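Any read-out appearing in this document is the output of simple, stated calculations on the displayed coordinates, not a laboratory observation. All figures in this text were calculated on a predicted structure; none of them were measured in a lab.
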């Protein structure tokens, strides 16, 4: 399949959120990417249920909700009720990760596992078959606009090899520092889904930038 593009709404203009939602709806983007931060697992606080419900009200594309929070299992059902279609949780926050995957899937949402930059792909060898997608963080989570971590390419290749070895359909998502300069190298390495926040919303023509990010290698 061709790769997907998911604009990160963390970089949107929250004073004109409906305008940016409409732009994503009208663009070639595939998903809305929503970063939820609790100020504990990551050093930032973003938004929660009310904002997700608002975006869901106007969104015409799936909501990809990335939970950067402590003990995410407590809130899985509520995020699903708020409108999440795809829900990802960090390996580093889930001591019983198989249960977390089962819980997400029991709500009808797709289940994803997230790896921080310092966490090796080898940690996923016993869980990758239970995940619909794996999100590789290419920056340290918490803030948009950070510099891309170069060893991400190697991690994507390792993960792709693991997925092939396990003969599973798990997708690979990449979040952080995705630009018009590096996105083709990411898809060539094996990325299926590109999350782009600052690159899209700081552009003079966000819809055009999304179209460019959708181009094939």
Give the separation of the Cα centroids, the stretch 81-101 to the stretch 124-190, in Å. 17 Å
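How fast does the stretch 122-167 diffuse by Stokes-Einstein, in µm²/s, taking the Kirkwood radius from C-alpha pairs at 10 °C and 1.306 mPa s?
Values: Rh = 11.9 Å.
Calculated translational D: 134 µm²/s.
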What is the diffusion coefficient of the stretch 16-82 in µm²/s, taking the Kirkwood radius over Cα pairs and the Stokes-Einstein relation at 37 °C with a viscosity of 0.692 mPa s? 260 µm²/s
Kirkwood Rh and Cα-based Rg: tell me the resulting Rg over Rh for the stretch 86-196, rounded to two decimals. 0.95
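Average projected area of the Cα convex hull of the stretch 43-114, in nm²? Don't jump to the answer; show the numbers that get you there.
Details: hull surface 18.5 nm².
So the Cα hull casts an average projection of 4.6 nm².
In square nanometres, what is the average projected area of the Cα convex hull of the chain?
10.7 nm²
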How big is Rg to Rh over the stretch 146-213, alpha-carbon atoms, Rh as the Kirkwood inverse-mean-distance radius? 1.02
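Using helices alone, I'd like the mean residue ellipticity at 222 nm for the chain: each DSSP H run of four-plus residues gives -39500 (n - 2.57), total over residue count, nearest 500. Intermediate values should be presented prior to the final figure.
Numbers: 8 runs with 71 residues, N = 217.
The helix contribution divided over the chain gives -9000 deg cm²/dmol.
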If one builds a Gaussian network model of the chain from Cα atoms under 10 Å apart, the most fluctuating residue listed among 175, 130, 205 is 205
Looking only at 109, 191, 26, which one moves most when the chain is put into a Gaussian network model with springs between Cα atoms under 10 Å? 26
Between 76, 136, 45, where does the largest GNM mean-square fluctuation fall for the chain, given springs only between Cα atoms within less than 10 Å? 45
